[in-house]
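Data block below; observations after.
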Amino acid sequence: MDPLDPLVAHQIVIEYARNLERDMTEERLPARADSLPYAKPIIKTAISTSVRHLSMTGQLTSELRDYLETAYTCLAEYLDGELVDLITTYRRSGEDLAGDARSVRDRTLTPAWRTISETSALAGEVARATTTEADVLRTEFRSLIESS
């Protein structure tokens, strides 16, 4: 598969868009990078190729540009499996604590509390790194648009 070929790039983008749409609809972001149909660099190249081709042929509408920017930026939400597992466990523990009607003192004795207290710093770092990567990807995409 050559993501520099506009026809191939289009197919790669379609497959990734289906995957992303499913993950967003099912609220599975962040998701595992190995759940992507192609590696992140291939998807990035395919989106770039598609943007250049659509721009050159006058087919890049503002809606399509916004959609592709979102897709490009959302690549940051695809992480190593261990990080996704950590975030998922952290999120579930938070939901468990939020739904627990016991006193605060009693909640501090639960496994959910222990998970939150032991993983909060790492979960925060993962969130910061994901946000930073999303910002970098957004900037890359906008530079691509300006140069097209």
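The values are calculated or read from the model by the stated rules, or taken from the named source; none is laboratory data. These numbers come from a predicted model, not from an experiment. FYI the Cβ positions are ideal-geometry reconstructions off the backbone, even for glycines, and counts take in every protein chain you see.
Considered as a group, the residues in segment 37-49 that are in a helix (DSSP H, G or I) and of a type in the set (S, T, Y) include one that is surrounded by the fewest Cβ atoms within 10 Å (Cβ to Cβ), and that residue is T45. Just checking, how many residues over segment 72-111 are farther than 24 Å from A129 by Cα and in contact (Cβ under 8 Å) with a residue 12 or more places away in the chain? Within segment 72-111, residues that are farther than 24 Å from A129 by Cα and in contact (Cβ under 8 Å) with a residue 12 or more places away in the chain number 5. Scanning segment 96-126 for residues that are assigned to a helix (DSSP H, G or I), among the polar types (S, T, N, Q) and surrounded by 12 or more Cβ atoms within 10 Å (Cβ to Cβ) yields T115, T119, S120. For segment 50-95, residues that are crowded, with 18+ Cβ neighbours inside 10 Å, assigned to a helix (DSSP H, G or I) and among the hydroxyl-bearing types (S, T, Y) total 5. Here segment 17-36 is the region considered, the condition is being surrounded by 14 or more Cβ atoms within 10 Å (Cβ to Cβ) and not in a helix (DSSP H, G or I), and the residue that is modelled with the lowest pLDDT is R28. When restricted to residues that are touching a Ser or Thr at 6+ places or on another chain (Cβ under 9 Å) and of a type in the set (V, I, T), segment 1-45 contains 3. Being surrounded by 18 or more Cβ atoms within 10 Å (Cβ to Cβ), touching a residue at least 40 places away in the same chain (Cβ under 8 Å) and over 20 Å from T130 (Cβ atoms) is a condition met by at least one residue of segment 5-15.
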